[in-house]
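Data first, discussion second: the structure below is written as structure tokens.
What follows draws every value from the coordinates through simple rules; no lab data is involved. Just so you know, these numbers come straight off a predicted model, no measurement behind them. We place every Cβ from the backbone using ideal geometry, glycine too, and count neighbours over all the protein chains shown.
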Amino acid sequence: MGGLLLMLLLVTLPALAADLPSLPKPKGEACIAANDVMRRDHPDMLKHQRDDTMRLGIRGGKASLKDCVACHSTADTAGKPVPINAEGQFCQSCHAYAAVKPDCFECHATTPTVKEASR
Amino acid sequence: MIKTEYKEVRPFTPGWVALAGGLGAVIVAALAAVWTMEHQGHWVTGMTNQVVWGMPHVFAVFLIVAASGALNIASVGSVFGRAPYQPLGRMSGLLAIALLAGGLAVLVLDLGRPDRLFVAMTHFNFKSIFAWNVILYSGFFGVVAAYLWTMMDWRAKAFYKPAALAAFVWRLILTTGTGCIFGFLVAREAYGAAVMAPLFIAMSFAYGLAVFILVLLFVAKTTRRPLGDQLLTRLVRLLGLFVAANLYFLALHHVTQLYFAGRGAVESYILTGGGIYTTLFWGGQVALGGIFPLIIAFGGCGHAVRKRSAMASALVVLGGLAQVYVLIIGGQSWPLDLFPGMEATSSFADGRIHAYVPTVLEIVLGIGGIGIFGFIVLVGVTALRLLPTDLGDSVAESDNMC
Amino acid sequence: MTELSRRHLILASGAILLVSPAQAGQPASAAKRWGLLIDTRKCATDCTVCVDACKSEMGLSGHDRPLTDAQYIRKVDVKDPATGNAHSLPVMCQHCAKPACVDVCPTGASMKRADGIVLVDRHICIGCRYCMMACPYKARSFAHEEQTGQKPYLPRGKGTVEGCTLCVHRIDDGRLPACVEACAAKAKGAMLFGDLKDPTSEIAKRVAAEATTRIRADLGMEPGVRYQGI
């Protein structure tokens, strides 16, 4: 038992030693739920709403990936939006810390809508 | 009656290691090809928005169709009670499983998102013949494994006949399902015919037996197990019969197509003006895979039966690959007819013959399926008692008498 | 100014909504059936306004590879070989009532929304391309390589199948599909969008009063896109 504990400790030590992710400041005032809820449940929330929106056509749900990106993304000094899955950005920094690779941005836009000059 | 004795193949002999290494290298090469295809995306293959299924599907369909056919030897022995085939039942079951695994692996590895195989296994649209095939393929492994069990364990003897019948019925349904993947495509003029199902069953009989004979000859030679000429004579005659059935359904399909005025154009394309597809049709599937094996099986060919069976089987395999190529690629290269009777052109290749050139990546992936098949067979005959020690004519004869 | 072009101007300015936006929290309703009516007599052969509008709306930048790049909408030039008569028309997903792509999809990724819009749920698409084999209209494309520059309302990525969504994001927002809007604003207004089940809608009145056809109606998939002049 003691060996097991030691082993667990050794295995988890690097994680404890790693720097906590430093997240860019969001644009909005408050998230749609408390931080600990968001940390734990955001995949389920997104998954639930994606099926509602995509398959049933229910619009206006609160757990929208589009809104996450809109609120949490940042812009560089030139005002150009930085992809939210780029190094040090909101989604990437925390997912890198948790060592979980999100699949969302294979398809989903990583920057919020920008007003198109052509219109 | 002489009791058939089964014995494993001895592993780690130089020949065994060389074969395992060779097959392993083929599989590794295929995985490298898959990695490239999935990393780059499918644009590095010959497949396009016009020809959406390519060379991997040719190999996959060939292997899957052959899988159900390879089980026939076991069925002939058990369901139809032909004693001379019974000692080969176990190997027949193993080949069926191995061929299916090889074919499915190619099919899955060619998906746009092979990482989502789990999705395919958990989300079913029961109106889709493709979803039914997923169930039929998975079930085939289970049914054949149970059938093998009843063949190998005397305590399960009571279930031998029911398992044999279940496996036979399952394989017929399975190949029907594979044929229907094409038969149900109403808008594609080269497909969209119910005869696809029996055609695929006839194809499976021929391909499966051809692969079986080739493996049997190879195993008998390399493990020095006696193989009787009478058994081979039976097998090659059976192969001739299956090849004839394939030609019959093929002719039926094309005559039907020719009779429908609206499908005259696609028929004259495949049969006369389709370039590589016309060449492969007449030279590959009809001549090499049909007429020549028929002559070898029934006609006066002076060679020894061992040589005849090897030649006929190899030709059926080559002709079969040509047949599946003409069917899948040739069929897709014919454009969809959105405006019947009119000429259409667009930026999206409407109204013109679609070009397809397979890339090395796709061919390597397809051959990888054969590698997986070979590897499973090798491991199977090494680990389990699937191969009879003696397949000489004395065994077959004495079995025949009882 | 004719009656017709004034209406188009109003449409193009976005001053009026032809459809009401989806109510937040409410699912798409089977009481609606979105459809298009395309008058090919107003569709010029060399005009690609609808195609260009679609590309920019959907962020279909492409990789300059015509055989593998996605095309949600394309202009097809049709010619009668017996008479020499020729015309041109846009073809996109026909949003069938009985879509073959939905029937054949093994996972249910290819789906029809309650209001008749046929979509690909890219979350569960495995990229088998069987829908592309089954569709009589060649309406779908496969993402053959990594995609960039996606629009927030239209996710798209490598290894999955995609096609015209009838601009579902605009419809739910009470706006017209991009192709329809552009055709009205920059071309001759050949495309009419609306609810085929609403007898007071212009499209329902037009299809009731005038002769219209559907591409390959013989296949029985009951497309939601109707044409005039083919």
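What is the Cα centroid distance between the range B:29-63 and the range C:99-132, reported in whole angstrom?
The range B:29-63 and the range C:99-132 have Cα centres spaced 22 Å from each other.
Among C:GLN94, C:GLN71, C:GLN23, which one shows the biggest mean-square fluctuation in a GNM of chain C, springs joining Cα atoms closer than 10 Å?
Fluctuation is largest for C:GLN23.
Based on Cβ point charges of +1 for Lys and Arg and -1 for Asp and Glu, what charge dipole magnitude is obtained for the protein assembly as shown about its Cα centre, in debye rounded to the nearest 20?
Roughly 760 debye for the protein assembly as shown.
Could you compute the FRET efficiency for B:ARG237 and B:PHE118, with r as their C-beta to C-beta distance and R0 at 41 Å, rounded to 0.05?
So, using R0 = 41 Å, E works out to roughly 0.35.
Could you name the aspartates and glutamates whose alpha carbon sits less than 20 Å from that of C:LYS32, not counting residues in the same chain fewer than 8 places away?
Reachable aspartates and glutamates: A:ASP52, C:ASP115, C:ASP172, C:ASP173, C:ASP195, C:ASP198, C:GLU202, C:GLU222.
Suppose R0 equals 35 Å. What FRET efficiency, 1/(1 + (r/R0)^6) with r the Cβ-Cβ distance, do B:LEU19 and B:ARG82 give to the nearest 0.05?
Efficiency, rounded to the nearest 0.05: 0.70.
Which order do A:ILE32, B:ILE73, B:ILE213 fall in if you start with the one that has the fewest other Cβ atoms within 10 Å?
Least crowded to most crowded, the residues run A:ILE32, B:ILE213, B:ILE73.
Fewest first, what order do C:LYS158, B:LYS7, B:LYS157 take by the number of other Cβ atoms within 10 Å?
Starting with the residue having the fewest Cβ neighbours, the order is B:LYS157, B:LYS7, C:LYS158.
Starting with the highest mean, order B:146-152, C:128-134, B:327-333, A:45-51 by the number of other Cβ atoms within 10 Å, averaged over the residues of each peptide.
Ranked from most to least packed, the peptides come out as C:128-134, B:327-333, B:146-152, A:45-51.
Taking a quarter of the surface of the convex hull around the Cα atoms of the range B:68-154, what do you get in nm²?
6.7
Provide the three semi-axes, in whole Å and in decreasing order, of the ellipsoid equivalent to the range C:150-230 as defined by the square roots of 5 times the Cα gyration tensor eigenvalues.
Each semi-axis is the square root of five times an eigenvalue, giving 25, 18, 13 Å.
Sort out for me the Cα centre separation of the range C:144-202 from the range C:16-94, rounded to whole Å.
For the range C:144-202 versus the range C:16-94, the Cα centre distance is 8 Å.
Across bins of 10 angstrom width beginning at 0, how are the C-alpha pair distances of the range B:192-299 distributed, in whole percent?
Spelled out per bin, shortest first, that is 14, 36, 29, 14, 6, 1.
Please compute, over every Cα-Cα pair in the range A:22-106, the percentage with a separation greater than 17 angstrom.
51
For the protein assembly as shown, with the dipole built from +1 on Lys and Arg beta-carbon atoms and -1 on Asp and Glu ones, taken about the Cα centre, which of A:GLY88, C:LEU89, B:VAL134 lies farthest toward the positive end?
B:VAL134
When we measure straight from the Cα of B:LYS3, which lysines land under 16 angstrom away, once same-chain ones fewer than 8 places off are left out?
By straight Cα distance, B:LYS3 reaches B:LYS157.
Full-extension gain between B:SER268 and B:TRP154, please, as 0.36 nm times their residue separation minus the C-alpha to C-alpha distance.
35.4 nm
I need the semi-axes of the equivalent ellipsoid of the protein assembly as shown: take the C-alpha gyration tensor, multiply each eigenvalue by 5, square-root it, list largest first in whole angstrom.
The three semi-axes for the protein assembly as shown are 53, 36, 21 Å.
Quick one, can you get me the convex hull of the C-alpha atoms of chain C expressed as volume per residue in Å³?
146
Using θ = phi - 60° and the Karplus form 6.51 cos²θ - 1.76 cosθ + 1.60, what ³J(HN,Hα) does each residue of the range B:310-325 get, whole Hz, x for Gly and Pro?
The phi angles translate into 5, 5, 4, 5, 4, 5, 5, 5, 5, x, x, 4, 5, 4, 5, 5 Hz.
Residue separation times 0.36 nm, minus the C-alpha to C-alpha distance between B:ARG10 and B:ARG306: what's the value?
That pair, B:ARG10 and B:ARG306, stretches by 104.1 nm at full extension.
What nm distance separates the two modelled labels at B:VAL360 and C:ALA211, each placed 7 Å from Cα along Cα→Cβ?
With each label point 7 Å from Cα toward Cβ, the separation is 5.9 nm.
Averaged over peptide C:135-143, how many Cβ atoms belonging to another chain are found within 10 Å of each residue's Cβ?
Partner-chain Cβ atoms within 10 Å, mean over residues of C:135-143: 5.
What is the order of B:TRP334, B:TRP154, fewest Cβ neighbours within 10 Å to most?
Fewest-to-most Cβ neighbours within 10 Å comes out as B:TRP154, B:TRP334.
Which whole number gives the average, over all residues in C:23-35, of C-beta atoms from other chains lying within 10 Å of the residue C-beta?
That works out to 2 on average.
Beyond 34 Å, what share of the Cα-Cα pairs of chain B is found? Please give it as a whole percent.
More than 34 Å apart: 29 percent of the Cα pairs in chain B.
Based on the alpha-carbon gyration tensor of the range B:265-325, what equivalent-ellipsoid semi-axes (square roots of 5 times the eigenvalues) come out, in whole Å, largest first?
Result for the range B:265-325: semi-axes of 27, 10, 7 Å.
So for the pair B:THR345, B:LYS127, with labels modelled 7 Å out along Cα→Cβ, what separation do we get in nm?
Going by the 7 Å Cα→Cβ label model, 3.8 nm.
Starting from the Cα of A:HIS95, step 7 Å along the direction of its Cβ; do the same at A:LYS47; then give the gap between the two resulting points in nm.
1.5
So what's the back-of-envelope 222 nm ellipticity for the protein assembly as shown, counting only DSSP H runs of four-plus at -39500 (n - 2.57) apiece and dividing by all residues, rounded to 500?
Rounded to the nearest 500, the figure is -15000 deg cm²/dmol.
Which net charge results for the neighbourhood of A:ASN35, defined as the other residues with beta-carbon distances under 15 angstrom from its beta-carbon, given Lys and Arg at +1 and Asp and Glu at -1?
0
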